[in-house]
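Q: Handing you a structure now.
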Amino acid sequence: PVAAAPVAAAPAAAAPPPTAADDLLRHFPTEVRQAYTRLRDTGDPAAADTLVLAIVADFMPHKELPLADTQALIADLGFDSVALSEVIFFLEDLLQVSVTNAEILRVRTIGDLRAFVRAKLAAQAAAPASALRA
């Protein structure tokens, strides 16, 4: 008689692998990661603002400065072109948007950046709908 092979126990359900956004946001506080989830799931503009402020604070050369919409990224907060590029690249990767050099040049303040991100997200949300109408 042939002995039956032992039946292996079913593997426990593995946690889903981290997404690119999970990797990008891993060092941010829980409320920032939750804001990203809310933005992704609902398009909540306030969630986008939370993300932008957290990202600016994370890349800001002088972390002790408070953030306000009227503050210039370069003149007031000490960003240089490299640090500003890092913020833009981070936003592109996180939000899956493309940013041109001409667009970057128009962003001077935190308020400009918040408005820019909201406009990019609105255009991104509208793009599939307009593609369907074509």
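FYI, it's all coordinate maths here, none of it is from the lab. Quick caveat: nothing in here was measured; it's all calculated off a predicted structure. Here the Cβ positions follow ideal geometry from the backbone for every residue, glycine too, while neighbour counts run over all protein chains shown.
Q: Semi-axes of the range 17-105's equivalent ellipsoid from the Cα gyration tensor, sqrt of 5 times each eigenvalue, largest first, rounded to whole Å?
A: Three semi-axes, in Å: 22, 15, 13.
Q: For a protection proxy built on the mean count of beta-carbon atoms within 10 angstrom, sort 105-112, 51-58 highest first, please.
A: 51-58, 105-112
Q: Which listed residue (V117, V107, L65) has the Cα farthest towards the positive end of the charge dipole for the range 29-134, taking +1 on Lys and Arg C-beta and -1 on Asp and Glu C-beta about the Cα centre?
A: Farthest towards the positive end: V117.
Q: Taking amide H positions as placed 1.01 Å from N in the peptide plane, with prolines and chain starts having none, which residues 5 or more places from Q71, or on another chain, fall under 5 Å of its amide H?
A: I110, G111
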